[in-house]
Amino acid sequence: MTRFGTALRLLACVLAFAVLVGPQWLSLRLGRGRVAAHLPTWFHRLFLALFSVRVTQSGTPPAVGEPALVLANHVSWLDILVLGSLRPLSFVAKSEIAGWPLVGLLARLQRTIFIDRARRAATADVNAALAERLAEGDLIVLFAEGTTGDGTRLLPFRSSLVGAARAAIDAETNSHTRIRLQPLAIAYPRRNGMAVTRSERPDIAWYGDMELAPHLSVFLSGGPIDVHVVWGEPIPVESGTDRKRATAMAEARVRAALRRNRSGRPEHTQPQHAGGLTSAAGLRSEPA
């Protein structure tokens, strides 16, 4: 992509943001949830289309209006745009992001839930906020590794915020007896139509102490990227579900999906009715 072409695409994104930011802010202030939910999705789709990021998905996502806490792996800043382009949803992010120029504004417009990791009470506060949003039927994405990786291996999933799904069941505003814990795998298998090798993964993944500006430069000049999103088999969370065991099951399902994508094996999608959940043996226990 030439510098002129990149500049035109970035200008188109800026103009789209200028057009959408006012209605989005107003809809959030007025509580117009439907408008506020869909405007970020349109913006993400525009960005991905302009910069040739092609997204495919398999599996069965939660039905519209079905409360679900998504546990996903985290590879790049691009994950936000990819997942945000699929359907209306929100994220859990570290509180530092709220202060980042532009990125913080975009996160707030997407109704991101921020967690201050330096505060001991932060987990309880975020769990309460998550539970409230889940009880309202929201779809919330939690990058359960707690950081980004290079896509080569999956880091252990953290279970501390998964308790919010169980708390949502007891919320007064909730009419559901189950909350869907949704494993989700994000893989970047190809670029320019060719399989991404291990040495090329840092050109897509953003992790560790990598500087953002040089990374963005490589992204803009590198050519089309293929992304595959796998909605794994959901795990039903009930009032007696052990959050640690449920998190371990979600991690195992994400790990298996990533392994299949790297090996080139086709992902099998099972038909499932809207909102359907399958029971998981061994998940029932005393509340942790």
Would you point out the residue of the range 88-109, among those that are surrounded by 14 or more Cβ atoms within 10 Å (Cβ to Cβ) and assigned to a loop (DSSP other than H, G, I, E, B), that is farthest from the chain's Cα centre (by Cα)? P88
So which residues in the range 110-148 are under 29 Å from R201 (Cα atoms) and either surrounded by fewer than 19 Cβ atoms within 10 Å (Cβ to Cβ) or hydroxyl-bearing (S, T, Y) (or both), if there are any at all? T112, R117, G146, T147, T148
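Only one of V19, V14, V64, V35 is surrounded by fewer than 16 Cβ atoms within 10 Å (Cβ to Cβ), part of a loop (DSSP other than H, G, I, E, B) and not small (G, A, S); which?
Being surrounded by fewer than 16 Cβ atoms within 10 Å (Cβ to Cβ), part of a loop (DSSP other than H, G, I, E, B) and not small (G, A, S) holds for just one of V19, V14, V64, V35, which is V64.
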Members of the range 139-160 that are in contact with a strand residue (DSSP E or B) (Cβ under 6 Å, 6 or more places away or on another chain) and not aromatic (F, W, Y): L139, I140, V141, L142, A144
Given the residues V254, V196, V218, V229, which is the only one that is within 17 Å of the chain's Cα centre (by Cα) and closer than 30 Å to L10 by Cβ? V229
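Could you please give the count of residues in the range 123-154 that are free of Cβ contacts under 8 Å to residues at least 12 places away in the same chain and under 24 Å from R245 (Cβ atoms)? Before the answer, list the steps.
The initial filter retains those residues of the range 123-154 that are free of Cβ contacts under 8 Å to residues at least 12 places away in the same chain, namely 124-125, 153.
Next, only the ones that are under 24 Å from R245 (Cβ atoms) stay: 124, 153.
Number satisfying all stated conditions: 2.
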Hey, does the range 51-64 have a residue that's farther than 22 Å from V254 by Cβ and at pLDDT 90 or above? yes
Go through (1) in a loop (DSSP other than H, G, I, E, B); (2) among the β-branched types (V, I, T); (3) modelled with pLDDT of 75 or more for V218 and report which single condition fails. (1)
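So is R108 in contact with a helix residue (DSSP H, G or I) (Cβ under 8 Å, 6 or more places away or on another chain) and without any contact (Cβ under 8 Å) to a residue 24 or more places away in the chain or not?
Details: in contact with a helix residue (DSSP H, G or I) (Cβ under 8 Å, 6 or more places away or on another chain): yes; without any contact (Cβ under 8 Å) to a residue 24 or more places away in the chain: yes.
Spelling it out, R108 is indeed in contact with a helix residue (DSSP H, G or I) (Cβ under 8 Å, 6 or more places away or on another chain) and without any contact (Cβ under 8 Å) to a residue 24 or more places away in the chain.
Of the residues that make up the range 147-155, is at least one of a type in the set (G, A, S) and more than 23 Å from V218 (Cβ to Cβ)?
Taking the range 147-155 first, the residues of a type in the set (G, A, S) are 149, 151.
Still in the running and more than 23 Å from V218 (Cβ to Cβ): none.
No - not one qualifying residue is present in the range 147-155.
Can you name every residue in the range 175-198 that is modelled with pLDDT of 80 or more and loosely packed, with under 14 Cβ neighbours inside 10 Å? Full working, then the answer.
If we filter the range 175-198 for residues that are modelled with pLDDT of 80 or more, which is where we start, we get 179-198.
Of everything in the range 175-198, those that are modelled with pLDDT of 80 or more and loosely packed, with under 14 Cβ neighbours inside 10 Å turn out to be N192, G193, M194, A195, T197, R198.
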L142 meets each of (1) assigned to a strand (DSSP E or B); (2) more than 17 Å from the chain's Cα centre (by Cα) with one exception, condition (2)
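The values are calculated or read from the model by the stated rules, or taken from the named source; none is laboratory data. What you see is a predicted model, and the numbers here were worked out from it, not measured in a lab. Note: ideal-geometry Cβ built from the backbone for every residue, glycine included; neighbour counts use all protein chains shown.
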